[in-house]
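The values are calculated or read from the model by the stated rules, or taken from the named source; none is laboratory data. Keep in mind it's a predicted model, so treat the numbers as computed, not measured. No Cβ is skipped: glycine too gets one built from the backbone with ideal geometry, and neighbour counts run over all protein chains shown.
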Amino acid sequence: MSAPKPYANPYLAGAGLGLVLLAAFVVAGRGLGASGAFIRVSEHLRGGGGPWFDWIVVEIIGVVAGGGLSAWLAGRWRVAVDRGADRSASGRLAAAAGGGALMGAGAVLARGCTSGLGLTGGAMLSVGSWLFIAAAFAAGYATMPIVRRAWR
Amino acid sequence: MIAPLVDAGVFSDSASLLLALAIGVAFGWALERAGLGNARKLMGQFTLTDLTVFKVMFSAIVTAMLGSFWLARLGWLDLSRVYVPDTFIVPQILGGLIFGAGFVAGGLCPGTSCVAAATGRLDGVAVIAGMLAGVTGAGWLLPRVPALFDATPRGVLTLPDALHISYGAAVFFVVVVALTGFRAATAIERSRR
């Protein structure tokens with residue numbers, strides 16, 4: 001297999017992502033989301049009602065399809081654990097699960113994540129979204145010194 | 001006819017689900033092309049070695065914000081019918097702090113964990129499993145603590161309302177913040193090389 005292609009220019013990719021978000025506004029009157037799909041799946045696993053395939057769950061199925069297809073066409077699809085050079089794969093997976101659980105709790109409390117609050121609410125100028133973005137970046141920078149060795 | 005098109009009755013329910021799929025595919029594609037399915041690249045934002053997260057996120061916000069602002073100005077989009085997340089001041093600050101700590105511990109956010117998993121990265125699968133546990137636990141616990149969960153509700157509150165400025169002035173302010181941030185990001189990356 002040939003070497004993976006380099007990633008896109010971040011401003012071009014960001015503008016493309018912004019056009020996708022704008023399309024969601026125009027077509028559906030709602031933005032993008034991710035944690036909402038996790039909440040829907042969790043509700044179903046606990047026996048909640050309602051249709052399985054609502055907007056947000058179908059959108060996330062699309063994210064998986066689009067992300068996988070893009071990586072495959074760019075020669076970037078491979079089974080691996082992305083981690084720092086001196087961190088074991090099992091340690092990385094445990095940290096990933098722990099970090100995921102914290103993010104899940106934070107997203108329930110904040111009523112959204114980097115997609116629904118960050119991108120969507122950010123572009124719609126929601127005050128709560130901008131507070132969430134500022135708090136998340138601040139906590140990220142405060143946490144990095146603690147876990148920095150894991151990312152070398 | 002004024003957008004949102006779903007409200008205008010252009011699409012049936014099943015057609016709107018097909019659109020959700022198409023929008024999701026484009027969303028996942030854009031994240032993957034930017035490199036945001038890669039935890040090491042995401043974490044460069046917090047070690048200040050690769051500020052792609054900031055550049056992608058803020059160019060996306062500015063693009064969608066300017067697009068919706070001008071479409072509304074032209075009378076083609078009714079902004080009052082586009083979803084704006086409700087503001088809960090204390091829960092969103094506290095939730096943001098917990099989320100940000102989890103992001104750096106876990107290396108991927110919810111959307112990017114789906115992209116990572118879809119590209120074969122097992123750390124993405126682990127973040128997804130952790131997220132499901134977290135939303136299930138917090139989804140059970142937090143509604144039982146309304147003093148925290150429902151604290152400081154402000155409904156739909158936008159920057160122009162809160163700052164008593166026009167919508168256009170708030171849009172301009174965000175553009176200036178983003179452009180300043182892009183210059184700073186480039187300078188930081190240079191200084192780290």
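Just a few scattered comments:
- B:G102 assigned to a helix (DSSP H, G or I), of a type outside the set (K, R) and within 7 Å of chain A (Cβ to nearest Cβ): yes
- Every listed requirement among (1) part of a helix (DSSP H, G or I); (2) free of Cβ contacts under 8 Å to residues at least 24 places away in the same chain is met by A:A8 save one, (1).
- Counted residues, the stretch B:113-137 - those being touching a helix residue (DSSP H, G or I) at 6+ places or on another chain (Cβ under 6 Å) and either in contact (Cβ under 8 Å) with a residue 60 or more places away in the chain or buried (at least 24 other Cβ atoms within 10 Å of the Cβ) (or both): 14
- Residue check for A:R76: more than 7 Å from chain B (Cβ to nearest Cβ), surrounded by 15 or more Cβ atoms within 10 Å (Cβ to Cβ) and not in a helix (DSSP H, G or I): no
- Checklist (1) more than 7 Å from chain A (Cβ to nearest Cβ); (2) closer than 19 Å to A:S90 by Cα; (3) basic (K, R) applied to B:R121, failing item: (1)
- In summary, A:A85 fulfils each of the numbered conditions (1) on the phi < 0 side of the Ramachandran plot; (2) at pLDDT 95 or above; (3) hydrophobic (A, V, I, L, M, F, W, C) with the single exception of condition (2).
- Selection within the stretch A:43-66 - at pLDDT 95 or above and either more than 15 Å from B:A20 (Cα to Cα) or more than 8 Å from chain B (Cβ to nearest Cβ) (or both): A:V57
- Pairs are defined by a Cβ separation below 7 Å, a sequence spacing of at least 6 or placement on different chains, a first member in the stretch A:124-152 that is more than 7 Å from chain B (Cβ to nearest Cβ), and a second member that is outside any helix (DSSP H, G or I); the pairs so defined are A:A150/A:G84; A:A150/A:R87; A:R152/A:G84; A:R152/A:A85; A:R152/A:D86.
- Residue in the stretch B:88-95 that is aromatic (F, W, Y), modelled with pLDDT of 95 or more and either more than 13 Å from A:F25 (Cα to Cα) or outside any helix (DSSP H, G or I) (or both) present: yes
- In the stretch B:73-89, the condition of being under 13 Å from B:V171 (Cα atoms) and either out of contact with any Asp or Glu (no Cβ under 7 Å at 6 or more places or on another chain) or buried (at least 19 other Cβ atoms within 10 Å of the Cβ) (or both) is met by at least one residue.
- Filter result for A:S70 (polar (S, T, N, Q) and either farther than 17 Å from B:R40 by Cα or within 7 Å of chain B (Cβ to nearest Cβ) (or both)): yes
- Filtered residues of the stretch A:16-69 (kept if part of a loop (DSSP other than H, G, I, E, B), within 24 Å of B:V56 (Cα to Cα) and without any contact (Cβ under 8 Å) to a residue 60 or more places away in the chain): A:G29
- When residues in the stretch A:10-39 are screened for being more than 7 Å from chain B (Cβ to nearest Cβ) and crowded, with 22+ Cβ neighbours inside 10 Å, 3 of them pass.
- For the stretch B:153-184, residues that are loosely packed, with under 13 Cβ neighbours inside 10 Å and within 23 Å of A:G106 (Cβ to Cβ) total 1.
- Considering the stretch B:41-59, and only residues there that are without any contact (Cβ under 8 Å) to a residue 12 or more places away in the chain and at the interface with chain A (Cβ under 7 Å from one of its Cβ atoms), the residue that is surrounded by the fewest Cβ atoms within 10 Å (Cβ to Cβ) turns out to be B:T47.
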